[in-house]
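Contents: one structure, followed by commentary.
Every read-out reported here was derived from the displayed coordinates using simple, explicitly stated rules and does not represent laboratory data. What you see is a predicted model; the values in this text were computed from it and never measured. Positions of Cβ are backbone-derived with ideal geometry, glycine not excepted, and every protein chain shown enters the neighbour counts.
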């Protein structure tokens, strides 16, 4: 017959959890899509099931997580506080599912500004893939503002940007430096000579679009020293800028890595000036509250190991 002391010494039963992963998955999907209809498509459930799961979650927590703005559901203060923790839980749950097989290995989700994404990351991603063959790679390329938004919204695991940026939910890690150079066609009047500030001011220019890190850096370097420029072309593609410049239509200002091949082939030439060298730091962007998986940590380690020593401005 059981002793009464056994019952007294028995550990207390753990409190029953009222949350479940399906509710959290629907919440994260709704935050991403802005509607339960979009969330339902994302998690392969009916809209009524998604709406019910979200209502159950809000009932368990005793708070509303979204404000309705028109037809969209927008995270309120409670939802913004919850989302990073939910994302971390869902990532850890996915890792549990992957413990005993690699058929569904976690993807590496990266966002990068255009210059970094097209000219610096492809080789690093290829190297990372050799040690993570079962993990797909998702690379999103946009301007610096779009990368910041993607990391803040937890749509990606890590971002790479050009230039200084701040955001209350993000942490920036210095990565490597690059250098802006002024380029021209070999037949341009300023090719092969030292351009004066007035000549630079009077020339036609092809620059990146406002909002890009390259454009912000070019404006800081050139406008502060040269004055207002004749910007004839504003383009969202470095390749388009290089083609315009090679055709003799304008001067361009791009990172050295972006024009390295053209300079070597002499389809573009660097314009000599009296300006100081324009170096800047590239940065890795992470969400303060996001749990990083092992694959992402491995990629960040590879990026750090491959970065050349920083070059300081002349």
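How long is the gain from residue 105 to residue 247 if the chain were fully straight, where each residue apart is worth 0.36 nm and the alpha carbon distance is subtracted?
Once the chain is fully extended between residue 105 and residue 247, it gains 46.5 nm.
Taking the number of other C-beta atoms within 10 Å as the exposure measure, put 26, 137, 269 in order starting with the fewest. Before the final figure, lay out each step's value.
Working: 26 25, 137 17, 269 21.
Fewest-to-most ranking of 26, 137, 269: 137, 269, 26.
To check you understand DSSP bridge types, tell me what percent of the beta bridges within the chain (both residues inside) are antiparallel, rounded to 5. It would help to have the intermediate numbers written out before the result.
Numbers: 23 of 41 bridges.
Within the chain, antiparallel bridges account for around 55 percent of the total.
Give me the log10 of I(q) over I(0) for the chain at q = 0.07, 0.11, 0.14, 0.15 Å⁻¹, as the Debye formula computes it from C-alpha points; what are the numbers?
-0.40, -0.81, -1.07, -1.15
Compute the Cα gyration tensor for the stretch 194-257, then decide on rounded, prolate or oblate, letting a ≥ b ≥ c be the square roots of its eigenvalues: rounded whenever a/c is under 1.5, prolate when a/b is larger than b/c in the other cases, and oblate in all that remain.
Oblate.
Sorting 141, 182 on the 10 Å Cβ count, fewest up front, what's the list?
The fewest-first ordering by Cβ neighbours comes to 141, 182.
Give me the compactness ratio for the stretch 4-97, meaning the Cα radius of gyration over 2.2 N^0.38 Å.
1.34
Full-extension gain between residue 281 and residue 139, please, as 0.36 nm times their residue separation minus the C-alpha to C-alpha distance.
49.0 nm
Of 294, 71, 208, which has the largest mean-square fluctuation in a 10 Å C-alpha GNM of the chain?
Comparing 294, 71, 208 in a Gaussian network model of the chain, the most mobile one is 71.
On C-alpha positions alone, give me the angle between the axis of helix 256-265 and the longest principal axis of the chain, in degrees, nearest 10.
Around 40 degrees separate the two axes.
Treating the angle as unsigned and between 0 and 90°, give the value, to the nearest 10°, between the Cα long axis of helix 294-306 and the longest Cα principal axis of the chain.
Orientation of helix 294-306: about 20 degrees from the principal axis.
As a check on your grasp of the helix formula, calculate [θ] at 222 nm for the chain: sum -39500 (n - 2.57) over DSSP H runs of n ≥ 4, divide by the residue count, round to the nearest 500. Each step should come with its number before you reach the end.
On the way: 13 runs with 133 residues, N = 314.
For the chain, the value works out to -12500 deg cm²/dmol.
Can you tell me the length gained on complete extension of the stretch residue 171 to residue 49, counting 0.36 nm per residue apart and subtracting the Cα distance?
40.3 nm
With an 8 Å cut-off on Cα pairs and a minimum separation of 6 or more residues, tell me the relative contact order of the chain in percent.
20
Sorted from fewest to most neighbouring beta carbons within 10 Å, what does the list 148, 241 look like?
148, 241
For an R0 of 25 angstrom, estimate the FRET efficiency from the Cβ-Cβ distance between residue 78 and residue 41 and round to the nearest 0.05.
Calculated transfer efficiency: 0.55.
Taking every DSSP beta bridge that has both residues in the stretch 163-289, what percent is antiparallel when rounded to the nearest 5?
For the stretch 163-289, the DSSP antiparallel bridge percentage is about 60.
Hey, rough spin-label estimate for residue 256 and residue 131, points 7 angstrom out along Cα→Cβ, what's it come to in nanometres?
2.8
Tell me the label-point distance for the pair residue 199, residue 85, using the 7 Å Cα-to-Cβ offset, in nm and rounded to one decimal.
6.3
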